[in-house]
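Colleague: Got a structure for you, written out below as structure tokens; questions coming shortly.
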Amino acid sequence: MRVWVICPCFLDTESFLRVREEAVSALASVVSGAPVKFVLIDDTAGLDGLVAQISLPDVTVVTPPYNLGHQGALVFALRGMGASVEENDLVITMDSDGEDRPQDIQALVQPLLDAPTNLHRIAIAIRTRRSEGLLFKFCYMGFKLVFRALTGTVIRNGNFAAYRGWFLRDVIFHPHFDQCYSSSFVSLPMQVEKVPLPRGIRYAGKSRMGFMGLVTHGIRMLMPFSERIATRGIVYS
């Protein structure tokens, strides 16, 4: 079994290098002896000069043709990895800025390790605590209320997820993942284990996602539920 850690990166190369070091340490106590491979997705489409300076044997850089956004970049890279990943390999997706804490990897992958023969089990991190400001928390609370009213459920997960290599063979090509990576785990009928984990603090720099970017991301999270939203709308009306 190999372990793959997939990280989208937009001008967060410095943070990624720290994430890599801490992830290696965290995985050493979980999957001792298993080779660990990192895939860094340069979502600047090659404009980040620091990414070009990375020369590490366990890091492969994937460069999309243009900026896809962190979730689109993840899907782009994952769909291109299917031939390289074995069915029982362990795949972990996480942000490269430190908000997905490397020390939480053990808790995230434990449900998969507890059932080594069940290759269809998926683990996702459910956020129990956030470090954002009061305005963001207020807006996020409103978004969750709207999301529940439209879909009947609430999304509290992001990119921090773990699953087996089988996922890259067929599931990642489902059209829901064209719309949103994180909410597709909830919209599809899969064996999902929800692991409560707090969201960390960025290691360096500031988030480059502005207000309009957040609104667009929220709309994209709704899109995999479009059929459910339409059905609920007809029933309500």
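Colleague: Any chance you could check the Cα centroid distance between the stretch 38-58 and the stretch 97-137 for me, in angstrom?
Modeller: 24 Å
Colleague: Further question on the same structure: Just going by the charge dipole of the stretch 14-138, with Lys and Arg at +1 and Asp and Glu at -1 on Cβ, which of 112, 128, 51 is farthest out on the positive end?
Modeller: 128
Colleague: In nm, give the distance between the simple-model label positions of residue 202 and residue 216, each being 7 Å from the Cα along the Cα-to-Cβ direction.
Modeller: Roughly 1.7 nm, to one decimal.
Colleague: Could you state the number of Å between the C-alpha centres of the stretch 200-237 and the stretch 66-92?
Modeller: If we compute the Cα centre of each part, the gap is 21 Å.
Colleague: 222 nm [θ] for the chain, helices only, -39500 (n - 2.57) per DSSP H run of 4+, per residue, to 500?
Modeller: My calculation for the chain gives -11500 deg cm²/dmol from helical runs alone.
Colleague: Shifting gears a bit: Filter the chain for me: DSSP H helices, axial length by Cα at least 20 angstrom, mean Kyte-Doolittle hydropathy not below 0.0. List them by residue number.
Modeller: Both cut-offs are met by 13-28, 134-151.
Colleague: Using Cα-Cα distances under 8 Å and only pairs 6 or more residues apart, what relative contact order does the chain have, in percent?
Modeller: 24 percent
Colleague: Output ³J(HN,Hα) for the stretch 42-59: one whole-Hz value per residue in order, computed from phi by the Karplus curve 6.51 cos²θ - 1.76 cosθ + 1.60 with θ = phi - 60°, and x for Gly and Pro.
Modeller: Working through the residues one at a time gives 7, 7, 8, 6, x, 8, 8, x, 5, 5, 5, 8, 6, 9, 10, x, 9, 10 Hz.
Colleague: Quick one: of the DSSP bridges fully inside the chain, what percent are antiparallel, nearest 5?
Modeller: 25 percent
Colleague: List every residue whose amide H lies under 5 Å from the amide H of residue 39, counting only residues 5 or more places away in sequence or on a different chain, with H placed 1.01 Å from N in the peptide plane.
Modeller: 5, 6, 7, 60
Colleague: Which lysines have a Cα lying under 18 Å from the Cα of residue 206, excluding residues fewer than 8 positions away in the same chain?
Modeller: 137
Colleague: Which label belongs to the value computed from this structure, given these candidates for Cα Rg over 2.2 N^0.38 Å: (i) 0.99; (ii) 1.54; (iii) 1.09?
Modeller: (i)
Computed from the coordinates by the stated procedures, all read-outs in this text should not be read as laboratory data. No experiment lies behind these values; they were computed from the predicted model shown. All Cβ positions, even for glycine, are placed from backbone atoms using ideal geometry, and neighbour counts span all protein chains on display.
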